[in-house]
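We did not get these values from a lab; they are worked out from the coordinates using the rules stated. Please read all numbers here as calculations on a predicted model, not as lab measurements. Here Cβ is always computed from backbone atoms with ideal geometry, including for glycine, and neighbour counts include all displayed protein chains.
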Amino acid sequence: MERTLIIIKPDGVERALIGPIISKFEQRGLKIVGMKLMQVSDELARKHYAVHAGKPFYEPLIEYITSAPVVVMALEGPQAIQAARNTIGATRPVEAAPGSIRGDFGMMVGRNLVHGSDSPENAAAEVALWFEPSELIDYTRAVDSWILE
Ligand code: IDP
Ligand code: MG
């Protein structure tokens with residue numbers, strides 16, 4: 001089992017796409033083990049996107065992610081990191097497959113609606129950065145045996 005960190009970015013919240021975006025992950029079978037609405041601080045934004053510091057899009061990215069509330073989720077499942085990345089779609093929405101979140105709802109890279117962790121190492125670090133251990137809930141869904149072999 002893997003856990004991955006998902007952020008519905010400010011454009012997703014402002015455009016009233018929280019529900020449709022969560023539905024894509026829920027319908028896929030990924031289990032929500034943590035979820036909250038929050039206003040991201042400049043400090044947290046810079047920690048989360050530290051790997052992009054110095055790139056031309058870094059300052060606009062910090063401005064974007066702090067510009068309105070976000071919904072943060074920890075999702076669990078087998079190969080959850082790759083599954084979630086595929087459901088999110090390519091970084092540039094024009095290149096994202098139809099049916100993916102970015103492919104269905106996005107137009108431009110700087111307004112691409114969702115973040116998803118890209119590796120087991122980053123997923124573990126990001127879940128720990130955004131959630132207290134007590135905010136992550138272990139539970140079994142009655143439907144799990146119909147989703148997981
Ligand atoms: P990812 O979100 O698909 O993992 P990354 O390359 O990790 O993509 O970039 C992080 C975020 O930075 C992107 O989701 C996007 O919001 C923003 N970003 C990346 N490249 C560009 C760019 O060329 N222009 C503007 N924003 C960008
Ligand atoms: Mg990334």
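Could you tell me how far the Cα centroid of the stretch 12-35 sits from the Cα centroid of the stretch 39-59, in Å? The stretch 39-59 and the stretch 12-35 have Cα centres separated by 23 Å. Dipole magnitude for the stretch 4-60: computed about the Cα centre from +1 point charges on Lys and Arg Cβ and -1 point charges on Asp and Glu Cβ, it is near 260 debye.
Taking Cα atoms, how many degrees apart are the long axis of helix 18-28 and the longest axis of the chain, rounded to 10 and kept between 0 and 90? Result, in degrees: 40. Taking the longest Cα principal axis of the chain as reference, the axis of helix 120-130 is set at about 80 degrees. For the stretch 52-149, chymotrypsin sites (Phe, Trp or Tyr not before Pro) meeting the loop criterion (DSSP other than H, G, I, E, B) and having at most 16 other Cβ atoms within 10 Å: 57, 139.
Dipole size of the chain about its Cα centre, with +1 on Lys/Arg Cβ and -1 on Asp/Glu Cβ: approximately 360 debye, rounded to the nearest 20. Sorting 66, 140, 87 from the fewest to the most surrounding beta carbons within 10 angstrom yields 140, 66, 87.
Under the criterion of Cα pairs below 8 Å and six or more residues apart, the relative contact order for the stretch 27-111 equals 29 percent.
The fewest-to-most ranking of 134, 117 by surrounding Cβ atoms within 10 Å reads 134, 117. Going from the fewest other Cβ atoms within 10 Å to the most, the residues 67, 100 appear in the order 67, 100.
Taking the charge dipole of the chain about its Cα centre, with +1 at Lys and Arg Cβ atoms and -1 at Asp and Glu Cβ atoms, the residue from 79, 37, 67 reaching farthest to the positive side is 67.
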